[in-house]
Each structure stands twice: as structure tokens, then as C-alpha cells.
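Asks: Have a look at this one before I ask anything.
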Amino acid sequence: MMTTENSSLAAGPAATGNEPAEEAPTFDPKTARNAVFSGTFGTALEWFDFAVYGTLSATLFPALFFADVDADTAILASFATFGAGMAARPLGGIFFGALGDRIGRRNVLMFTLVMMGSASVLIGLLPPASFIGIWAPTLLVILRFLQGFALGGEASGVQVLVTEHAPADKRGMYGGILAVGSPVAQTIASLTLTGLALFLSEETFESWGWRIPFLMGVLLLAVGVWIRRSIEETPAFRESQKRASEKQAQEEPQEKALKVIIKRPGTVIKLVCSWAASAGLFWICVTYAVNYLTSVLGYDNSITFSLLVIANLISIPAAILGGRVSDFIGRKKTFFIGLAMQGTAAASMFPIMNSMNYPLSVAVIALALCGIQTTAAVQAPFFAESLPTRMRYTGSALGMTFAGLIFGAPIPFIAAWIFQHSSQGTTALTAIGVGLVVISVIAAATLPERSKEALHDD
């Protein structure tokens, strides 16, 4: 009989006295390492693109693609295109999630990686509005939509792939390693932008320098595809397909992934709300805070970029530590630790930044990112353990992408509007941040704790 250390999931519900127990799929350490390496690289590519775009949407893109409107409207329009990518993610999550639950995780993830990287490269080739007029923002929105559509399947898919390949007692650690891709990518993105801002003149950077990070996607995409080709399908999915074939042979009705999701709306809603704080505060930190520090407080772009680099570097250990700790004390307790850090940061971020104290500003943003990375490390196994195999990809994708759409995408736009129309902008945004943490705490408290169990397929 296999222990949980040697299996990635239980093959199904506990056997009764009238039916034989099913053999659990075996765990292959080499395959698991390949999966987490591939997943981390894909996550890094994903967040590199989003970090670069998020930063530029707050600084350069308003003038580059929306030069025909006033400065305030340009900022709102630029953040709206940023939100277009987030709006597309649930659609991609539904489409690729259902597809991944039907034909397999690996095949779908190869396609999403290519689609995501291609959209990024095309953004880097896009002419400005001064050259092609209204087509520039139009094409930008289309490419952002396609990029977000691919990310809707990629982000949750790699989490499911890694979690289903991981041994039961190390799912948190594998999730933590996967989460490292985000701060590492954001650090590289910030360093890239900082270097370009330092070594290129402002005119050169605005002319073609900003394109370099996007065009780097060609190399990253080639490496990512080469790595992902070596990944095998997960034991959990193979076993689920085997049981589905047996049911089909016995002419038993098969439930489609989306129909099962409809039957479990409560679980999906809880997953969405549990990720509200991480989705919203992340964009407050890495997108609107950049605009606030430069436009309102007068920091130089290079100083702002360096602040994000330091904060992201500090948050990297939090991802690995948070994931591993959850293997010992459980997902919920670790998730709450991350939310506590986020709540503290949300309540104090703007007062500290307004003090113009650079070290403290770094510290409070680092605290927020450490909290986010702690919950990110736990999120992959926490979501996966809440769902059966046949709907895991779809359910995880819906939870993560709808949280981004509802609680993340509107944040930069709402923040810009608040600061343009109210003298109490920092107070309002602080209240929003704290409110998101409260929502996540309540939702996470109602999710099941299954960190000590094998993945189920009930």
C-alpha cells in the first residue's frame, strides 16, 4: 500500500466493502522537478510581461498611445487597456480550463505559452498613435485581450500541473517554488526598465527603448517551449481519464467540467473572494503606486523602479517559506498569515509613502508583496485541494481569473479616478485595500482544509 509521500493523489473516494480500492498513481521525482521548473519559467514569463506593461501603462503609454486627449483622460485610458487583459482572463480560464480538463493539462499549456509570448512580442512592434492614429490604441487593446485570454489558461494551468505532479507532503513547497516566478520576473522587469532609463536618454527610451523588454519575449518564448516539451501529463489526469473511459464503456453519463462548476457555485465564489486581497493589493503596489510615487510625490522613474526591485527581492523568500510552512501547519493558517501582512501594509502604505521616507516606503511595499507571495505560494495547492480532478483546472482558473477581473483589474482605473476627483484619495484607497483583506479572510475561512489529504476526485 502506498503512503501519501509516494502518491500525488487518491484515485477516488474511499472504497466501500462492495468495491475494490483503486490504485493511486505513482509519484515520479524527476517528472515533478521538470514540472515545477517548467511551471516556474512560464510563470516568470507571464509576470515579466505583465510587470513591464503595468509599469509602462502608468508612465509612458498615456503619452505614446493616447496623445490626442488630456493627461488625466490619457491615464484613465491607459489603465483601461491594462484592464482589458484582466477582463479577458476569465474567458481564457473558462475556455482553456474546460479544454485542459478534457484533453489534458500539458497540451493546453503549450498552446497558451505560445499565444502569450506572441502577443507580447507584437506589442513591442506596435507603432505609436503619432504614426498610425486610432489604430495604435485599438491594436493595443486587441493584443492585451489576446494576452490576457492566454494568461487565463496559463496561470491556473501551471498551478494544477505542478500540484498534481507533487507529492502530497510537499505540495506547498512546490507551490512556493512556482510562486517565486512572479517576484523574480518583476525584479528582472524592473531592473530592465531601470537600466534602460539610466543608460538611454528620455527621448530614446520613449522612441524605441521601451520596446526591448517586449521583444525579449522571442528568446523567452523559445526557451519556454523547449522546456515544456519535456513535461509529461499528470498522473491525476491520466487516472481520471481512465475512470471516465470505464464509465463510458459501462454507458454511465459523464459530467462536463463546466456543468460540474455550475453545480458547485459556492466553492467557486469562495475561491474568487479568497483571492480578492492578493489580486487588488498587487496592482496597487506595482501599478498605481508607481504612478503615485512619480506623478504625485515627484520621485524619479529610476528611483521608483529601484524601490520595486528591492521590494520584490525581499518577497522572494516569503514565497518559498510560505509554501513550505503550509505543508506543516496547513494552508489556511499560512494563508491567514499572508493576509495579515497584506492588511497591515494596506492600512499604512500611503501614510508612509506620503512621509517621503524612502527606506520606509520600500519596507511597506515589501511587506505587502511578502504577504501576497505567501498567499500565492499557498494558493496553488489550496485551490487544487478544494476541487476534484475532473474540474480542477476549470475551477482554479475561474477562481483566480474572476478575482483578477473583479478585484484587480479595476484598481488602477478606480485609483486614478479617485485621486482626480477627491482630496481624500489616499484614505479611500486605503479603505478599499483593507476591505479586500476582510473579504479574503471571510472567504478563506469557509474553504476546506485538506493539506494532509491526498487530492480527491469525488
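The values are calculated or read from the model by the stated rules, or taken from the named source; none is laboratory data. Note that the structure is predicted; figures quoted are calculated from it, not measured. Note that we place each Cβ from the backbone using ideal geometry, even for glycine, and neighbour counts take in every protein chain shown. Side chains are part of the model used for accessible areas, which takes the heavy atoms of the whole protein and leaves out ligands, DNA and RNA. Shrake-Rupley method; radii C 1.70, N 1.55, O 1.52, S 1.80 Å.
Asks: What are the residue pairs meeting all of these: first residue in the stretch 318-342, first residue more than 11 Å from Phe382 (Cβ to Cβ), second residue in a helix (DSSP H, G or I) and of a type in the set (D, E, K, R), Cβ atoms under 9 Å, and 6 or more apart or on different chains?
Replies: So the pair list comes out as Arg324/Lys170; Val325/Lys333; Asp327/Asp169; Asp327/Lys170; Asp327/Arg171.
Asks: Report whether or not Gly157 is over 19 Å from Phe328 (Cα atoms), touching a Ser or Thr at 6+ places or on another chain (Cβ under 9 Å), open to solvent by less than 10 Å² (accessible area, probe 1.4 Å) and not hydrophobic (A, V, I, L, M, F, W, C).
Replies: Values: over 19 Å from Phe328 (Cα atoms): yes; touching a Ser or Thr at 6+ places or on another chain (Cβ under 9 Å): yes; open to solvent by less than 10 Å² (accessible area, probe 1.4 Å): yes; not hydrophobic (A, V, I, L, M, F, W, C): yes.
When the stated conditions are applied, Gly157 passes them.
Asks: Does at least one position in the stretch 89-98 carry a residue that is touching a residue at least 12 places away in the same chain (Cβ under 8 Å), over 21 Å from the mean Cα position of the chain (by Cα), surrounded by fewer than 19 Cβ atoms within 10 Å (Cβ to Cβ) and more than 22 Å from Ser182 (Cα to Cα)?
Replies: no
Asks: Take the residues in the stretch 184-232 that are out of contact with any helix residue (DSSP H, G or I) (no Cβ under 8 Å at 6 or more places or on another chain), under 26 Å from Ala63 (Cα atoms) and part of a helix (DSSP H, G or I), then tell me which one is modelled with the lowest pLDDT.
Replies: Glu202
Asks: While we're here: Look at Ala340 and say whether it is open to solvent by 10 Å² or more (accessible area, probe 1.4 Å) and assigned to a helix (DSSP H, G or I). Outline the logic, then answer.
Replies: Working: open to solvent by 10 Å² or more (accessible area, probe 1.4 Å): yes; assigned to a helix (DSSP H, G or I): yes.
So Ala340 passes the test.
Asks: Taking the stretch 394-410 as the search range and keeping residues that are open to solvent by less than 10 Å² (accessible area, probe 1.4 Å) and among the β-branched types (Val, Ile, Thr), which one is nearest to Arg89 (Cα to Cα)?
Replies: Top of the filtered list is Thr401.
Asks: I would also like to ask the following. Confirm whether Val441 is under 25 Å from Ala311 (Cα atoms), touching a Phe, Trp or Tyr at 6+ places or on another chain (Cβ under 9 Å), in contact (Cβ under 8 Å) with a residue 40 or more places away in the chain and of a type outside the set (Gly, Ala, Ser).
Replies: Values: under 25 Å from Ala311 (Cα atoms): yes; touching a Phe, Trp or Tyr at 6+ places or on another chain (Cβ under 9 Å): yes; in contact (Cβ under 8 Å) with a residue 40 or more places away in the chain: yes; of a type outside the set (Gly, Ala, Ser): yes.
Spelling it out, Val441 is indeed under 25 Å from Ala311 (Cα atoms), touching a Phe, Trp or Tyr at 6+ places or on another chain (Cβ under 9 Å), in contact (Cβ under 8 Å) with a residue 40 or more places away in the chain and of a type outside the set (Gly, Ala, Ser).
Asks: Something else now. Can you tell me which residues in the stretch 57-79 are part of a helix (DSSP H, G or I) and out of contact with any helix residue (DSSP H, G or I) (no Cβ under 8 Å at 6 or more places or on another chain)? Break it down into steps so the answer makes sense when it comes.
Replies: Kept after step one, since they are part of a helix (DSSP H, G or I), are these residues of the stretch 57-79: 57-59, 61-65, 71-79.
The one that is part of a helix (DSSP H, G or I) and out of contact with any helix residue (DSSP H, G or I) (no Cβ under 8 Å at 6 or more places or on another chain): Thr73.
Asks: Now for a separate question. Consider Ser422 against the criteria (1) over 22 Å from the mean Cα position of the chain (by Cα); (2) open to solvent by less than 10 Å² (accessible area, probe 1.4 Å); (3) among the small types (Gly, Ala, Ser): it satisfies all of them except one. Which criterion is unmet?
Replies: (2)
Asks: Right, something else. If you take the residues in the stretch 62-76 that are in contact (Cβ under 8 Å) with a residue 40 or more places away in the chain and either under 26 Å from the mean Cα position of the chain (by Cα) or open to solvent by less than 10 Å² (accessible area, probe 1.4 Å) (or both), which one is farthest from Phe205 (Cα to Cα)?
Replies: Step one: filter the stretch 62-76 for residues in contact (Cβ under 8 Å) with a residue 40 or more places away in the chain, giving 63-68, 72, 75-76.
With either under 26 Å from the mean Cα position of the chain (by Cα) or open to solvent by less than 10 Å² (accessible area, probe 1.4 Å) (or both) added as a condition, the list becomes 65, 75-76.
Numbers: Phe65: 15, Ile75: 19, Leu76: 22 Å.
Once the filter is applied, the top-ranked residue is Leu76.
Asks: Hand me the list of helices (runs of 4 or more DSSP H) wholly inside the stretch 348-425 holding 3 or more residues that are modelled with pLDDT of 90 or more and of a type in the set (Gly, Ala, Ser).
Replies: Working: elements: 358-384, 389-403, 410-421.
Once the helices (runs of 4 or more DSSP H) in the stretch 348-425 are filtered for at least 3 residues that are modelled with pLDDT of 90 or more and of a type in the set (Gly, Ala, Ser), what remains is 358-384.
Asks: Scan (1) more than 29 Å from Ser240 (Cα to Cα); (2) open to solvent by 10 Å² or more (accessible area, probe 1.4 Å); (3) not β-branched (Val, Ile, Thr) for the single condition Arg324 breaks and write down its number.
Replies: Arg324 satisfies all of (1) more than 29 Å from Ser240 (Cα to Cα); (2) open to solvent by 10 Å² or more (accessible area, probe 1.4 Å); (3) not β-branched (Val, Ile, Thr) except (1).
Asks: Quick one: would you say Leu125 is of a type outside the set (S, T, N, Q), open to solvent by 10 Å² or more (accessible area, probe 1.4 Å) and over 30 Å from Lys333 (Cβ atoms)?
Replies: Numbers: of a type outside the set (S, T, N, Q): yes; open to solvent by 10 Å² or more (accessible area, probe 1.4 Å): yes; over 30 Å from Lys333 (Cβ atoms): yes.
Taking the combined requirement at face value, the residue satisfies it.
Asks: Please tell me if Met391 is open to solvent by 10 Å² or more (accessible area, probe 1.4 Å) and not small (Gly, Ala, Ser). Break it down into steps so the answer makes sense when it comes.
Replies: Values: open to solvent by 10 Å² or more (accessible area, probe 1.4 Å): no; not small (Gly, Ala, Ser): yes.
No, not satisfied.
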